[in-house]
1. Which ones in the range 196-213 are under 18 Å from residue 154 (Cβ atoms), open to solvent by 30 Å² or more (accessible area, probe 1.4 Å) and not β-branched (Val, Ile, Thr)?
2. If you take the residues of the range 125-136 that are in a loop (DSSP other than H, G, I, E, B) and in contact (Cβ under 8 Å) with a residue 12 or more places away in the chain, which of them is nearest to residue 62 (Cα to Cα)?
3. Hey, among the residues in the range 155-166 that are open to solvent by 10 Å² or more (accessible area, probe 1.4 Å) and under 12 Å from the mean Cα position of the chain (by Cα), which one's farthest from residue 86 (Cα to Cα)?
4. Return yes when residue 175 is among the small types (Gly, Ala, Ser) and within 19 Å of residue 86 (Cβ to Cβ) and no when it is not.
5. Checking residue 185 against (1) over 20 Å from residue 109 (Cβ atoms); (2) basic (Lys, Arg); (3) at pLDDT below 90, which single condition isn't satisfied?
6. Confirm whether residue 60 is outside any helix (DSSP H, G or I) and surrounded by fewer than 20 Cβ atoms within 10 Å (Cβ to Cβ).
7. So residue 187 fits all but one of (1) surrounded by fewer than 18 Cβ atoms within 10 Å (Cβ to Cβ); (2) over 25 Å from residue 120 (Cβ atoms); (3) of a type in the set (D, E, K, R); what number is the exception?
8. Output the qualifying pairs, or none if there are none: Cβ atoms under 7 angstrom, residues six or more apart or on different chains, first residue in the range 227-256 and of a type in the set (Ser, Thr, Tyr), second residue open to solvent by less than 40 Å² (accessible area, probe 1.4 Å) and part of a helix (DSSP H, G or I).
Amino acid sequence: GRRIVEMDDPNNGKKNLREDPKMCQRVNGRIADPNRNWPAKGGIRPWDYKSETEDGPGVAPLSEPESRLIFRILHAVEPMALTNIHSGMHGMFMPPDHTPIMVNSATALAQLKLQSYLNNKWIDGKCTLGAGGHAVGYVAYGTAMDFFRLGFQIPLAQTWEIYGNQRSEYFDCFSLFNPVEEEEKREYTRKWTAAILEQISLLHKGLLPGVKSPKDEFSRQVAELPKPNACGLTKSHVDAMDGLADIALGRGNRQERLHFVRDAIESTPTLAFPELPSPPPPAAAPTPVAASIPQELGKTEDIAVELNLDLKEKEREGRPATTAAAAAATTMQSFTTVLFLLFLATAALFV
């Protein structure tokens, strides 16, 4: 079903949004960005962080009622596919957000090829593809998408940036993020609705590894798609993509190709950026935050701590993190695409 989480209006109800500098920020009433308020590297500031212009991560991971509510929804639904809709540019991004190098797995590489197909078919090839931490030009810590993948272990977690007008005037954030002309708005709505409907169809056909199909292999249809141009790819990604295509199309010795793919994935380089020291924790959590959290969300913090501790422990051991939510998700016979109806409710984006 449709779930819309509203945030405080930092413009305080001002009507002249195109002249209000706060329209460029997406913070809530506590000057915290719910998309920087998640446990995966939550609270960490990148080396080039600028406090006067960048949105804050909140006093602690999941300190904000908006992010806590989304956490509880996803923990209950246990989706196997999720598309996070943004605007500000044209893009289809894969995790991670905290590093420029894309995840190297059969699922990520297959979805990248499907994104390229959808981009060329429906969006006129406008979208930048690849790792979120590379494609947008900066790395971001504490994002929802990184936790959806690392914490909840959702097989397909992606971000779609559905509009951006780089010719808009400074501080005219309304026209930067939204098509203003009615005809343009209808055209964007038509194209992106078609793209997301076909995305759902492709998932139902089992074209994404791990969603109604084996998790470590390409389908023939995916193997036959051309290799995409994307940000955050290395030779290891290209080798893995070639090997997975060989396996799906029956080229070469299967066992040799499987070993080749495994070695390519394991050889994927990593890249870490310097980080600023974390600010000292506040003496006590602000009362408004605690007071605004509904009673039914009371266990969110315990669940988040459990998931995040498990994540950190597995990272220290060099093994993939697993969670109870992920274990349950892998046994599901169907999947849920979260935020689909939210996308169709385009009035929420284009007003």
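1. 204, 212, 213
2. 136
3. 155
4. yes
5. Looking at each condition in turn, residue 185 falls short on (3).
6. yes
7. Of (1) surrounded by fewer than 18 Cβ atoms within 10 Å (Cβ to Cβ); (2) over 25 Å from residue 120 (Cβ atoms); (3) of a type in the set (D, E, K, R), only one is false for residue 187: (2).
8. Once the first residue is of a type in the set (Ser, Thr, Tyr) and sits in the range 227-256, its partners that are open to solvent by less than 40 Å² (accessible area, probe 1.4 Å) and part of a helix (DSSP H, G or I) give 236/264.
The values are calculated or read from the model by the stated rules, or taken from the named source; none is laboratory data. This one's a predicted model, so the numbers in the text were calculated from it and none came from an experiment. Cβ: placed from backbone, ideal geometry, glycine included. Neighbour counts: every protein chain shown. Side chains included, ligands, DNA and RNA excluded: accessible areas come from the protein's heavy atoms. Shrake-Rupley method; radii C 1.70, N 1.55, O 1.52, S 1.80 Å.
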